[in-house]
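Visitor: There's a structure below that I have some questions on.
What follows is calculated from the coordinates using simple rules that are stated; it is not laboratory data. Keep in mind that what you see is a predicted model, and the values were worked out from it rather than measured. Here Cβ is always computed from backbone atoms with ideal geometry, including for glycine, and neighbour counts include all displayed protein chains.
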Amino acid sequence: MTEEKTTIQKISLSLDISKNHLMKIVNRMASEGWIDASRGKNGGIKLGIPPETLSLREVVEVMEQTLAPVNCDSPLCTLNPHCQLKGILHDAQQAFMQHLGKYTLADLIKKPMPNLIHALELA
């Protein structure tokens, strides 16, 4: 687990993301216990758990509002009773989620982490 902290402001500027949107993401991740966030002069955010304990599947399942590949019910699609696409897309989405479950945050940060931090000017 890295002890290096960064700030929402630095991430927002580096990735050109809305600071308000990023704050919502950080709050959600902190409520899950994935990151530690502290305010004040020496505040910042850092990873709060060992990266090998967090699967990419879990991140997607928690952070995405819906995982349904298509919404056939609202409004009700007239093709719904005869549609084959819904089942195909559902199977594809299940395979995608299963594949994400094979990887953890550690897989994303193994080698390039120091270079990534430097490239994003977060340290």
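Visitor: Looking at region 55-88, which of its residues are loosely packed, with under 10 Cβ neighbours inside 10 Å and under 19 Å from W34 (Cβ atoms)?
Guide: E64, Q65
Visitor: Restricting to region 1-28, what's the tally of residues that are within 18 Å of Q65 (Cβ to Cβ) and touching a residue at least 12 places away in the same chain (Cβ under 8 Å)? Outline the logic, then answer.
Guide: Filtering region 1-28 down to residues within 18 Å of Q65 (Cβ to Cβ) leaves 17-18, 20-28.
Add one more test, that the residue is touching a residue at least 12 places away in the same chain (Cβ under 8 Å), and what stays is 22-23, 25-26, 28.
Matching residues across region 1-28 total 5.
Visitor: Name the single residue that is surrounded by the most Cβ atoms within 10 Å (Cβ to Cβ) among those in region 32-43 being closer than 21 Å to A106 by Cα and in contact (Cβ under 8 Å) with a residue 12 or more places away in the chain. First the steps, then the outcome.
Guide: Taking region 32-43 first, the residues closer than 21 Å to A106 by Cα are 32-37.
Among the residues that remain, those that are also in contact (Cβ under 8 Å) with a residue 12 or more places away in the chain are: 32-36.
Numbers: E32: 15, G33: 10, W34: 20, I35: 18, D36: 15.
Step by step, filter region 32-43, then rank; the result is W34.
Visitor: Give me a count of the residues in region 89-106 that are surrounded by 12 or more Cβ atoms within 10 Å (Cβ to Cβ), hydrophobic (A, V, I, L, M, F, W, C) and without any contact (Cβ under 8 Å) to a residue 40 or more places away in the chain. Let's see the steps before the verdict.
Guide: Restricting attention to region 89-106, the residues satisfying the condition of being surrounded by 12 or more Cβ atoms within 10 Å (Cβ to Cβ) are 89-90, 93-94, 96-97, 100-101, 103-106.
This time we only want the ones that are hydrophobic (A, V, I, L, M, F, W, C), so: 89, 96-97, 100, 105-106.
Of the ones still in play, those that are also without any contact (Cβ under 8 Å) to a residue 40 or more places away in the chain are 89, 96.
Residues in region 89-106 being surrounded by 12 or more Cβ atoms within 10 Å (Cβ to Cβ), hydrophobic (A, V, I, L, M, F, W, C) and without any contact (Cβ under 8 Å) to a residue 40 or more places away in the chain: 2 in total.
Visitor: Just checking, does region 15-26 include any residue being loosely packed, with under 15 Cβ neighbours inside 10 Å, basic (K, R) and over 25 Å from Q98 (Cα atoms)?
Guide: Yes: one or more hits.
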